[in-house]
Amino acid sequence: MQNLTESTGQSATAAGSTFKQRAHIKLHDVKVQRAMKNFNLAGARARAMVELDNLEDIRTDAAGIRDRALADLDVWLERFETEARRRGTHVHWAETHADINRIVLEIAAKASVRKVIKSKSMVSEESHLNAALEANGLKVVETDLGEYIIQLRGETPSHIIAPAIHLNRDDVADLFAEHHKTPRNNDPAVLTMEARKFLREHFLSGDMGISGGNFLIAETGSVYLVTNEGNGRLTTTMPRVHVAITGIEKVVPTLEDVSSVLRVLTRSATGQSISNYVTILTGPKRAGDTDGPDEMHVIIVDAGRSKLLGTDMQEALRCIRCGACMNHCPVYQNIGGHAYGWVYPGPIGSVLTPNYIGLENAIDLPHAATLCNQCGVVCPVKIPLPDLMRKLREKQVDRGLRPWQERFGLRMWAWFAARPGLYGLAAKIAARVGRMAGGSSGLIHKLPGNGWTEERDFPAPSGKTFRELYAARKAGR
Amino acid sequence: MSARDNILGRIRAARGAGPTVTAAERAAVDERIAKHPIGVRPAMPWETVPRFIEQCVRMSSTVDRVAAVGDVPAAVERYFDDANLGKRAVVWPEIAQLDWSATGVVVEARPAAGPDLVGITGVHLGVAETGTLMFLSGARTPAATSLLPETHIAVVPIGRIVRAMEEAWQQTRDEIGDLPRAVNFVSGPSRTADIEGLLQIGAHGPFRVHVILVG
């Protein structure tokens, strides 16, 4: 077994070029392993769900609400657009990630924006919006505490709702002391207050606020935001311009529909019966209003999503981004979010990433699961995540994307399997060789070309093979 | 072709629909919106006012109750003294109209700004299921007053407490019609658990939410 090592504190996202390499590094990173155990979002969810006496019916209903919108998605989007425009919101459509950045830059240029404050937006992570804005001379400040921390560190989020889940209080204490030039203190309460003080200045001086959108409401043309810190409210209330960025799949028909989904969203995400702030934004400042933006924009993003519609992957578009699948995933819980290599980690990431950036660019992700189905069981909108990962594995095989060793190995196995006599002989020989390799301990300490035995021993075959036992039983012996 | 038409066209092609939205499809959307049915909900075997109080406390709000709206200023002064908050507050106009003369509290009827420490508001509705306050933005109900100060006090007449969010939306449609710029549902003080998963009350929004029930 290798020695566990502490991480260097450098940007974790850069290390390792493949999922396997990154996962390997994370599995040996004691600090990340410990930090992940600080959060118990799975326990919080379990306690909150007990309150819903008819949870299964509510999940089925929530999945149905999402499916209804996806079934006629263009009609609902058209309705959203009509209602939003009627109330003074500018609606933009982005086909690609590059389009998102271009549209935001155009809005910023037109409104003479210099400072942008951001509430959490995972879609903006997809398009590397911050880098694009900074490259054009804009100051960008993330305001969600976790996002602020990772922005200062030059990292990407490692969880969709707890972006700094891989860090501990000392990391944050060092970071704030360096960037804020304040005395180092590692008390989370003090650090939170310090962030409030520094970010309040930005809230009051930002020209543009950028948010995500948990949902778009077709009935009223509204953007629906679910937050806890209050930064979502500040970002969409204080600056002159508000831009909401969200995917085409986030439209929900009515206010009643979204109220149903909210009951399972917050409980699944943080174990709360409701988040502290639920904000419904319907257009810019009205006549007589003393607060609110002069301009409100919504950017509706495709960037690969429409490709999933009408396919065996469509169920993934139900996702409401609660994070429960990653909180319950034995793989995610041991390697953290950065190992997944793109915006969305955990089981939903293993499904979305290959679909959005190409199956050939995420070759390991559909395999980054034990298919234990904890994710499928907890998903509030019943996305069959293990089934979708299995289908992606099949597509990899169909398209010949698996590594040649694996394809060769399977072809060899198939050749033998089609020849029962030869297969039985080969199995017998392999069992004998394995038994000899196991020696007196009955354990194989090192399998050739396989990392499996790095962490544990492989039990050597013992006794007769299955075929020998079966033959003996059939002969009545 | 615009990006909009490309995206909507791809969606229609993916679901095997014709190139343009049909009248029947629009009618189906209209019908769902007109009916806006309530989905499957958990059992709600409770009375609204006790439930509201219980859930406010669960979300870390504090709750006081007075018999009549005329008792609100004294209740505010009591809270100020107990929490050591000084004597000044920015308030919604409806709150400024109460008789504050018997108290030492100085109220200013203007939207809250950065340095203000206490904001006092009314409420559009209270939601019993989750202990939630519902605010509508507007000229006489500025959103900043429930957001910028460290302490937010909300005056809630018990007659304005509804069962759940679905009832809140229906009542808003009946009373107001269209939605204002911002509808804010607030459930307790702001919070974060972004450092080591440890809950901290008071992130960017108020540290304290105090509910004064009337009736």
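The values are calculated or read from the model by the stated rules, or taken from the named source; none is laboratory data. All values reported here derive from a predicted model rather than from experimental measurement. Glycine gets a Cβ as well: all are built from the backbone with ideal geometry, and neighbour counts include every protein chain shown. The protein model used for the area step is the full one, side chains on, heavy atoms only, and it has no ligands, DNA or RNA in it. Shrake-Rupley method; radii C 1.70, N 1.55, O 1.52, S 1.80 Å.
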- Message: Would you confirm whether or not region B:14-23 contains a residue that is of a type outside the set (A, V, I, L, M), without any contact (Cβ under 8 Å) to a residue 12 or more places away in the chain, not assigned by TED's automatic domain parsing to the domain that holds B:Ala164 and not in a loop (DSSP other than H, G, I, E, B)?
- Response: no
- Residues in region B:34-50: is at least one out of contact with any Pro (no Cβ under 7 Å at 6 or more places or on another chain), among the aromatic types (Phe, Trp, Tyr) and not in a loop (DSSP other than H, G, I, E, B)? no
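When the residues of region B:40-60 are narrowed to those that are in contact with a helix residue (DSSP H, G or I) (Cβ under 9 Å, 6 or more places away or on another chain) and either of a type in the set (D, E, K, R) or surrounded by 19 or more Cβ atoms within 10 Å (Cβ to Cβ) (or both), which ends up farthest from the other protein chains (Cβ to nearest Cβ)?
Result: B:Phe52.
This table checks each residue for (1) at positive phi; (2) open to solvent by 10 Å² or more (accessible area, probe 1.4 Å); (3) at pLDDT 95 or above; (4) within 12 Å of chain A (Cβ to nearest Cβ).
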{"residue": "B:Gln97", "(1), (2), (3), (4)": "no, yes, yes, no"}
{"residue": "B:Gly104", "(1), (2), (3), (4)": "no, yes, no, no"}
{"residue": "B:Val107", "(1), (2), (3), (4)": "no, yes, yes, no"}
{"residue": "B:Val118", "(1), (2), (3), (4)": "no, no, yes, no"}
- Query: Can we say A:Ser441 is surrounded by fewer than 16 Cβ atoms within 10 Å (Cβ to Cβ), touching a residue at least 24 places away in the same chain (Cβ under 8 Å) and hydroxyl-bearing (Ser, Thr, Tyr)?
  - Reply: no
- Within region A:94-122, restricting attention to residues that are within 24 Å of A:Ile150 (Cα to Cα) and in a strand (DSSP E or B), which residue is nearest to the other protein chains (Cβ to nearest Cβ)? A:Ile117
- Message: Please go through (1) out of contact with any Ser or Thr (no Cβ under 8 Å at 6 or more places or on another chain); (2) surrounded by 13 or more Cβ atoms within 10 Å (Cβ to Cβ) for B:Ile11 and return the number of the only condition it doesn't satisfy.
- Response: (1)
- Message: With the requirement that a residue be outside any helix (DSSP H, G or I), open to solvent by 60 Å² or more (accessible area, probe 1.4 Å) and closer than 21 Å to A:Leu410 by Cβ, what does region A:444-461 give you?
- Response: A:Pro448, A:Gly449, A:Asn450, A:Phe458
- Are any residues in region A:106-129 open to solvent by 30 Å² or more (accessible area, probe 1.4 Å) and in contact with a helix residue (DSSP H, G or I) (Cβ under 7 Å, 6 or more places away or on another chain), and if so, which ones? A:Lys115, A:Lys120
- Can you find a residue in region A:46-59 that is part of a helix (DSSP H, G or I) and either hydroxyl-bearing (Ser, Thr, Tyr) or closer than 30 Å to B:Thr20 by Cα (or both)? no
- Message: Please determine whether any residue of region A:370-383 is touching a Gly at 6+ places or on another chain (Cβ under 9 Å), buried (at least 21 other Cβ atoms within 10 Å of the Cβ), modelled with pLDDT of 95 or more and under 30 Å from A:His28 (Cα atoms).
- Response: yes
- Query: Wholly within region B:108-197, which strands (runs of 3 or more DSSP E) include no fewer than the required count, namely at least 1 residues that are within 25 Å of A:Lys197 (Cβ to Cβ) and in contact (Cβ under 8 Å) with a residue 40 or more places away in the chain?
  - Reply: B:118-121, B:151-157, B:182-186
- Task: Return yes when A:Ala269 is closer than 24 Å to A:Ile165 by Cα and hydrophobic (A, V, I, L, M, F, W, C) and no when it is not.
- Result: yes
- Query: Can we say B:Val76 is touching a residue at least 12 places away in the same chain (Cβ under 8 Å) and either part of a strand (DSSP E or B) or buried (at least 21 other Cβ atoms within 10 Å of the Cβ) (or both)?
  - Reply: yes
- Message: For region A:135-152, check the following and say yes or no: at least one residue is within 25 Å of A:Pro239 (Cα to Cα), at the interface with another protein chain (Cβ under 9 Å from one of its Cβ atoms) and out of contact with any Lys or Arg (no Cβ under 9 Å at 6 or more places or on another chain).
- Response: yes
- Message: Pairs needed: first member in region A:403-424, surrounded by 10 or more Cβ atoms within 10 Å (Cβ to Cβ); second member anywhere, among the charged types (D, E, K, R); C-beta distance under 8 Å; at least 6 residues apart or different chains.
- Response: A:Gly424/A:Arg467
- Query: Does region A:80-93 hold any residues that are part of a loop (DSSP other than H, G, I, E, B) and either in the same structural domain as A:Gly341 (by TED's automatic domain parsing) or buried (at least 21 other Cβ atoms within 10 Å of the Cβ) (or both), and which are they?
  - Reply: A:Thr89
